[in-house]
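Trainee: One structure, as structure tokens, below. Some questions next.
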Amino acid sequence: MDLRYFAWLRERIGTGHETIQTEAATVLDLIAELKTRSEAHAFAFSDLAAIRAAVDQELVDMDAPLRDAKEVAFFPPMTGG
Amino acid sequence: MDVRVQDAPFDMGAELNRFAAGVDGAGAVVSFTGIVRGVASGDLEAMEIEHYPGMTERALTQIVGDAVARWDLADALVIHRHGRLSPAAPIMMVATAARHRGDAFAAAEFLMDYLKSRAPFWKKEITRSGAQWVAAREDDENALARW
């Protein structure tokens with residue numbers, strides 16, 4: 001699975017992209033798994049209220065299933081316009 | 001319908017003229033341009049805009065599609081820049097064309113409200129004393145409820 005990070009999540013984790021093997025069933029399960037990868041990951045994911053997720057480039061809720069997801073992205077609330 | 005995500009600057013006047021010239025039968029064109037605030041308000045040196053290539057275009061196309069389904073529009077345009085922008089530079093613009101102004105105004109506001117909270121862009125302010133990500137405003141999220 002390809003993981004993408006943007007804005008301060010990317011900065012805290014130290015990379016914008018990583019590829020992992022996972023059996024996580026939902027976005028929340030995946031986050032719990034990622035928090036164990038490093039202190040930087042744990043810090044980046046410490047406040048879930050400040051994080052949004054997209055599965056295969058569609059915005060989803062945190063309890064969304066991953067099924068055959070190829071790409072999951074994490075980022076703060078968007079500030080376009 | 002035209003959605004463009006680009007790092008190059010754009011000329012809002014030229015874009016609006018081209019847009020207005022291309023709409024047939026429309027009696028109203030509404031446009032909004034967002035520009036980098038600064039200079040007067042402090043020591044902002046630049047605004048950096050990050051986005052999610054691929055998802056950005058998908059999200060904007062979806063939002064424009066929703067607007068077209070909801071209002072009687074002759075055409076719609078969205079341009080949004082990314083990369084490093086100077087104070088006073090245009091960041092983005094939307095334009096809508098419709099037979100009557102009510103649809104054009106409403107659709108332009110709808111596009112802006114959704115673009116701010118649902119298109120994957122993130123702004124970072126670069127000042128002499130450091131850099132800071134712009135926090136999302138609760139008002140912007142609440143604005144979606146009216147649609």
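The values are calculated or read from the model by the stated rules, or taken from the named source; none is laboratory data. Everything numeric in this text was worked out from a predicted model, so none of it was measured. Glycine also receives a Cβ, built like all others from the backbone with ideal geometry; neighbour counts cover every protein chain displayed.
Trainee: If B:A69 satisfies all but one of (1) in contact (Cβ under 8 Å) with a residue 60 or more places away in the chain; (2) more than 28 Å from B:D43 (Cβ to Cβ); (3) outside any strand (DSSP E or B); (4) not charged (D, E, K, R), what's the number of the condition it fails?
Mentor: (1)
Trainee: Any idea which of A:E18, A:E23, A:E33 is assigned to a strand (DSSP E or B), surrounded by fewer than 20 Cβ atoms within 10 Å (Cβ to Cβ) and not hydroxyl-bearing (S, T, Y)?
Mentor: So the residue among A:E18, A:E23, A:E33 that is assigned to a strand (DSSP E or B), surrounded by fewer than 20 Cβ atoms within 10 Å (Cβ to Cβ) and not hydroxyl-bearing (S, T, Y) is A:E18.
Trainee: Follow-up question, since we're still on this one. Taking the criterion of being of a type in the set (G, A, S), surrounded by 13 or more Cβ atoms within 10 Å (Cβ to Cβ), touching a residue at least 60 places away in the same chain (Cβ under 8 Å) and part of a strand (DSSP E or B), would at least one residue in region A:43-64 satisfy it?
Mentor: no
Trainee: If you take the residues in region B:39-74 that are on the phi > 0 side of the Ramachandran plot and away from chain A (no Cβ under 14 Å), which one is modelled with the lowest pLDDT?
Mentor: Among those residues, the one meeting the criterion is B:V39.
Trainee: With B:D24, B:D2 as the choices, which residue is under 15 Å from B:A95 (Cα atoms) and loosely packed, with under 13 Cβ neighbours inside 10 Å?
Mentor: Details: B:D2 fails: loosely packed, with under 13 Cβ neighbours inside 10 Å.
Matching residue, one of B:D24, B:D2: B:D24.
Trainee: Out of B:P90, B:P120, which single residue is at pLDDT 95 or above and under 26 Å from A:V55 (Cβ atoms)?
Mentor: Going through B:P90, B:P120 in turn, the sole match is B:P120.
Trainee: Working only within region B:101-120, note down all residues that are acidic (D, E) and either more than 12 Å from chain A (Cβ to nearest Cβ) or at positive phi (or both).
Mentor: B:D103 - this is the single residue of region B:101-120 that is acidic (D, E) and either more than 12 Å from chain A (Cβ to nearest Cβ) or at positive phi (or both).
Trainee: Next question. Can you tell me which of (1) at pLDDT 95 or above; (2) in contact with a Lys or Arg (Cβ under 6 Å, 6 or more places away or on another chain) is the one B:V134 doesn't meet?
Mentor: Result: B:V134 fails condition (1) only.
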